[in-house]
1. Along Cα→Cβ, 7 Å out, is where each label goes; now give me the distance between the ones at Glu157 and Glu142 in nm to one decimal.
2. Set the bar at 23 Å for Cα to Cα. Now go through Lys112/Lys139; Lys77/Lys139; Lys172/Lys304; Lys283/Lys411; Lys67/Lys174 and name every pair that lies beyond it.
3. At 1.4 Å probe size, with the rest of the protein present, what percent of the exposed accessible area of the chain is carbon and sulfur atoms?
4. Note down the relative contact order for the chain as a percent, whole number, built from C-alpha pairs under 8 angstrom at least six residues apart.
5. Given the options Arg81, Arg162, Arg141, state which has the largest fluctuation in a GNM of the chain using a 10 Å cut-off (strictly under) for Cα springs.
6. Please give the contour-minus-distance gain from Tyr362 to Gln328: 0.36 nm per residue of separation, less the Cα-Cα distance, rounded to one decimal in nm.
7. Please report the antiparallel percentage of DSSP beta bridges with both residues in the chain, rounded to the nearest 5.
8. Principal axes first, then extents: for the Cα atoms of the chain, list largest minus smallest coordinate on each axis, whole Å, largest first.
Amino acid sequence: MTDFSHFPERRKRLQTQMQQGIAIIPTAPEVARNADTHYDYRHDSHFYYLTGFTEPEAVLVLIAGDKMQTILFCREKNAEREVWDGFRYGPDGASEKFGFDAAYPIAQLDEKLVELMGNQPVLYYPVGADTGWDARIIKLREAVKAKARSGIRAPSEIRDVREPINEMRLIKDKHEQDIMHRAARISCGAHRRAMRFTRPGRHEYEVEAELLHEFCRHGARHPAYTSIVAGGANACTLHYVGNSARLNDGDLLLIDAGCELDGYASDITRTFPVNGKFSAAQKDVYEIVLAAQAAAISAAIPGKLWNAPHEAALRVLAQGFIDLKLCQGSVESVLETESYKQFYMHRTGHWLGMDVHDVGEYKIGEQWRPLQPGMMLTVEPGCYIRPGDSVPRGLWNIGIRIEDDVLITAKGNEVITQDAPKSVGDIEEAMRHE
C-alpha cells in the first residue's frame, strides 16, 4: 500500500521556503491521441511530488505565512462518469486520503483563487510552462486588482515555483530511493530477458516487446521513455526509436530502456552482439567504453564536482580513440580540439528521478555543483562510429553506449542497476543459448 505520509511534509517544506505568499501548481492536462481517445494519462511531476494525487483536472494551492494552508481542487464524485472512466476521490475523499486542509471542486477554481490571492504579497506558479496558464494567471490577478477599493491587494511579485521544488527533488529521500531501487531491479531483469531473447533474424520491435512484457509483469505499466532498440548502424543514431529493423548476424544491438514505477524513472543502456559473441573489433571498442564508464563512476562521489565523471570518461575515451586510430595526436590535443566529438558527442550523464532528465541545476553560479548524498544520476559514455574516409573500415557502424543509474551515498556511490550484465564475459554468458 502506498505511503502518503511524506507528501504533507514536502508541502510544509515548500511553504517554509516560500515564507509568505500563495503557490498555484496545476497537474498535467489530458492529451488527445486522436478524435476519440487520449494518450495514457501521466501526472505532472512537480504536482505529484507534493500531493501523491494522480487524477487529471487538479490544482494544488499552498498558502505560506502565519496561517499556512494546503488546498486541493479536483474533479467531483460522479457516479455516471465512474461507470465509464473509473474511481474518483472527489474533494472530500482526496482531502481525507492525502491530508489537505481543504478541497474543492475544480469548477470553483477561478472563483476561489481570486479570493485566496487577495493580500498575498507573492504569487508562485510554473511561469512560462503553459501559455494557457500564463494567460489565466494574468486574468485572475487583474480580477484581484479590481478589488483595490475594498482594500484588497493583488500579489505584487510573481516567482517561478519550480525553482525551490527543483532543489527539493534533487536530493532523493529514502522513500524515493526505495522506489528507484525497485524500478532498477525490474529494468535490469528486462535487459537480461532481452539478451536471452535476441537472435539473428528477429526484429527490433520483438525485443522491445520483451522489455515491455518484463516491465508490466512486475507492476511497471509504462516505460520511463520510448525504448531505443537499435541494431547495427541504427545504434549510431542517438535517439533512434524506429525499432523496426531486422537484427543481423554479426551486428551489435544497443538497448536504452527503463521502466517507470510509482512515478520514478530508471534508465539503463546495454550493448551486446546479436549472435551472442563479440567480434574482436567490437570487443576492442566495447572495452574502451566500459573502462570510460568505470572511470566516470569512480569520480561520482560526494564532494566531487558534477563534471568530474564526464572529464574522467573523456580522458579514457580520448586515449581509446587514439589507440583505434579514430583520432590523432595526444590525449590533451584530442581533448583541446574536441576531435573526439565525431565519435562521442553527448555528455556522460544527467540527473534521474521522476523525470528521466530530472530537475536540478548542474551549476551554482558559474561553478559545477558538488555531488551530495541522495543525488541520483546516470553514467553513460558511448562511442558511435559512422562510416568515413578517415575511419578504419573494420569499425564502421559500431555504436556502443553503457549506462547505469548511480546513487551518491555518504561513503561514495551505489550503482543500483549493476544486475544488468555488463562485462563481455557476463553478456556472452547471459546470451548463451543451450
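1. If labels sit at Glu157 and Glu142, their model points lie 2.5 nm apart.
2. Beyond 23 Å between Cα atoms: Lys77/Lys139; Lys283/Lys411; Lys67/Lys174.
3. The computed percentage sits at 48.
4. Details: 885 pairs, mean separation 56.9, N = 434.
Value for the chain: 13 percent.
5. Most flexible of the set in this elastic network: Arg81.
6. 9.1 nm
7. Numbers: 44 of 54 bridges.
Once the DSSP bridges in the chain are tallied, antiparallel ones form about 80 percent.
8. 80, 52, 40
The values are calculated or read from the model by the stated rules, or taken from the named source; none is laboratory data. Worth saying up front: this structure is predicted, and the values here are computed from it rather than measured. Backbone-built Cβ (ideal geometry, glycine too); neighbour counts: all protein chains shown. Accessible surface areas use protein heavy atoms only, side chains included; no ligands, DNA or RNA. Shrake-Rupley method; radii C 1.70, N 1.55, O 1.52, S 1.80 Å.
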